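What follows draws every value from the coordinates through simple rules; no lab data is involved. Predicted model only: the values in this text are computed from it and were never measured. Positions of Cβ are backbone-derived with ideal geometry, glycine not excepted, and every protein chain shown enters the neighbour counts.
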Amino acid sequence: MTRLFNDPDDFAEEAAAGLALASARWVRPVSGGVVRSTRGPEPTVAVVIGGGSGHYPTFAGLVGPGLAHGAAMGNLFASPSAHQVHSVATAANEGRGVLLSYGNYAGDVLHFTQAQERMRAAGIDCRTVTVTDDISSAPRSEIEKRRGIAGDLVVFKIAGAASEAGADLDEVERLARRANDRTRSLGVAFSGCTLPGADEPLFTVPEGRMAVGLGIHGEPGIDEVDVPSAEGLADLLVSSLLDEIPDGASLDGARVVPILNGLGGVKYEELYVVYASVHRLLEQAGVTIVSPEVGEFCTSFDMAGASLTLLWLDDELERLWLAPSDTPAFRRGSIEGRVEVGVTESAEEQRVVGEATAPSREAAATVTRSFRAIAEMLDAEADELGRIDRIAGDGDHGIGMHRGSRAAADAAQRAADRGAGARTVLQWAADAWSDAGGGTSGAIWGEMLVALGDSLGDDRAVDAGTVADGVLRMKDAVMSFGKAQRGDKTMVDAIVPFADRLAQRVQAGDRLLDAWTDAAEEATRAAEATASMTARLGRARSHGDRSLGTPDPGAVSFALVTRTVLDILKGDH
């Protein structure tokens with residue numbers, strides 16, 4: 001468990017501040033994360049990495065010469081928002097283009113893709129390479145669906161070394177993809193991790209048992225076995241990875257980098273005991289071992305577990321893997337000629353509140369009260385939402401919804417206090433929810449709130465028809481952005497029937513209160529019905545059958561939101 005914290009909701013932000021202070025030789029803080037505090041004599045392609053906090057030294061600990069130029073840092077186990085990624089990428093850019101790289105998780109893909117589009121719209125060449133090294137998360141035939149775990153280090157290091165050597169963006173991207181293609185990992189865990197302030201871990205493993213193939217956010221493993229000896233664990237990891245040698249590689253004459261990674265709760269001495277057997281087994285297989293690494297490179301907070309990564313080298317990759325790097329957590333050789341960058345951080349854009357009509361400001365007041373009530377409700381429901389998310393997900397849905405809604409409520413209040421109309425209040429809330437909530441749900445709620453705000457506007461009265469149209473736009477936004485359809489066991493299964501029923505009742509001439517009451521009941525029934533579905537999207541996809549009998553947390557939380565807003569509407573009538 002985590003013992004040292006202040007306000008649990010501030011943990012990631014305070015940890016990032018402490019890291020920046022302790023590591024000023026390498027990094028400086030910017031909005032959304034950190035970037036290098038020095039530059040070389042010539043500009044280079046900027047390698048920008050990122051993801052949720054809780055995995056140190058991935059991501060911020062890998063920023064420095066020879067490795068990454070910047071790291072976007074989300075909340076604990078939650079992807080950074082598009083705004084945060086864009087901020088870090090803009091600060092890291094040296095004029096030769098930007099390569100974004102991160103683990104292949106739905107929330108990260110959504111946010112980083114948005115940031116990439118913004119960079120390109122600004123005339124900056126921006127590319128993406130996702131890390132897909134975890135062999136347990138999808139079959140080889142669907143390798144593009146695999147998630148990234150400790151193989152992050154490999155891809156980031158190769159890309160950073162190529163950049164340091166002066167390669168252009170095309171070459172950095174090519175080499176990063178090659179590194180990913182030739183990297184495979186598998187992880188195990190003996191116990192789950194407990195986030196600051198939580199009463200229980202995100203998942204548990206029975207005493208004397210070991211989860212095989214789990215994810216670094218607590219996603220369930222693909223198997224559960226008795227805890228083996230150190231030699232038995234080494235045999236499991238090595239044999240599994242040797243069963244899937246990357247295309248273009250072979251055991252004959254192979255040169256391989258083994259990386260034995262501790263997930264946070266395993267002592268280094270234990271790792272070394274395991275590594276002795278890993279080394280022996282690889283040599284027996286005929287592999288030449290090059291520059292092995294043992295330690296913590298991609299953790300999962302305090303999870304007791306380990307993973308093994310194999311990088312199958314060629315001449316290019318070996319040269320780049322062995323190249324110097326100097327970061328807070330990964331150092332090799334020395335890099336000279338660095339010049340300190342000014343530590344002054346660009347001020348955040350001053351948000352302008354435009355003119356709003358009195359009816360729109362009145363609607364904004366209702367929206368603001370709704371956000372406050374939603375935040376209070378989600379605070380009370382966070383544990384239960386986390387419980388159902390743990391069935392086949394990673395257990396952080398409740399935490400993310402609580403953080404996102406609280407930030408949205410605060411932002412909405414600030415906008416309303418400055419005389420904003422409904423559209424502006426919703427836009428401010430959308431950005432705050434996306435930043436603080438992170439993950440897929442944070443991105444989707446941000447998109448939905450923007451869509452609703454665009455419909456309500458700042459310059460007109462809000463009536464039942466306007467609200468119904470806005471909710472339909474919310475539905476379209478989430479389906480377009482997240483690519484989910486009804487039946488995939490996601491929030492879409494609740495929002496589609498809610499939006500459609502609301503529109504039908506309003507078109508039939510019903511008052512907003514009556515229409516919303518009926519639609520909220522329909523959303524609740526639809527959310528409960530997801531219990532009989534098998535997940536086809538998101539982190540739960542790999543373990544869809546595990547969630548049978550349990551409703552989708554995203555659908556449940558959406559239905560709860562509709563009922564909370566209903567209480568506000570009742571109070572206004």
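Determine the percent antiparallel among the DSSP beta bridges restricted to the chain, to the nearest 5.
On the way: 32 of 55 bridges.
DSSP beta bridges in the chain are roughly 60 percent antiparallel.
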On C-alpha positions alone, give me the angle between the axis of helix 230-242 and the longest principal axis of the chain, in degrees, nearest 10.
80
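If you count, for each residue, the other Cβ atoms within 10 Å and average over each peptide, how do 556-563, 255-262 line up from highest to lowest? Please report the intermediate quantities before stating the final value.
On the way: 556-563: 24.4, 255-262: 22.6.
Ranked from most to least packed, the peptides come out as 556-563, 255-262.
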If Lys and Arg each add +1 and Asp and Glu each add -1, what is the summed charge of the other residues whose beta carbon sits under 12 Å from the beta carbon of GLU13?
-4
Which angle between 0 and 90 degrees, to the nearest 10, do you get for helix 106-121 versus the longest principal axis of the chain when only C-alpha atoms count?
80
Here the net charge surrounding ILE374, from other residues whose Cβ is less than 11 Å away from its Cβ (Lys, Arg +1; Asp, Glu -1), is 0
For the pair LYS267 and GLU13, the simple spin-label estimate (label points 7 Å beyond Cα toward Cβ) gives in nm 3.8
Pairing the Cα long axis of helix 151-164 with the longest principal axis of the chain, what angle in degrees results, from 0 to 90 and rounded to the nearest 10?
80
For the chain, what is the mean residue ellipticity at 222 nm derived from helices alone (per DSSP H run of n ≥ 4: -39500 (n - 2.57); sum divided by total residues; nearest 500 deg cm²/dmol)?
-15500 deg cm²/dmol
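Below 10 angstrom from the Cβ of SER185, what's the summed charge of the other residues (Lys, Arg +1; Asp, Glu -1)? Write out the running numbers ahead of the final one.
Values: positive: ARG146, ARG147, ARG184; negative: ASP133, ASP134, ASP152.
Value of the local net charge: 0.
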Listing THR128, THR327, THR204, THR90 from the residue with the fewest other Cβ atoms within 10 Å to the one with the most, what is the order?
THR204, THR128, THR90, THR327
Segments 279-286, 517-524 sorted - mean Cβ within 10 Å per residue, highest first
517-524, 279-286
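Report the full-extension gain for the segment ALA121 to LYS483: residue separation times 0.36 nm, less the Cα-Cα distance, to one decimal in nm.
128.1 nm
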Compute, for segment 358-571, the length of the dipole vector about the Cα centre, with Cβ point charges of +1 (Lys, Arg) and -1 (Asp, Glu) only. Units Debye, rounded to 20.
200
Shape call, segment 167-270: gyration tensor on alpha carbons, a/c limit 1.5
oblate
Relative packing of 412-418, 228-234, 67-73, 146-152, which averages over residues the other C-beta atoms within 10 Å, highest first:
67-73, 146-152, 412-418, 228-234
Of the candidate values (i) 4, 18, 30, 28, 15, 4, 1, 0; (ii) 4, 18, 27, 25, 16, 7, 2, 0; (iii) 3, 15, 22, 23, 19, 12, 5, 1, 0, the one computed for P(r) over Cα pairs in 10 Å bins from 0, in percent from this structure is (ii)
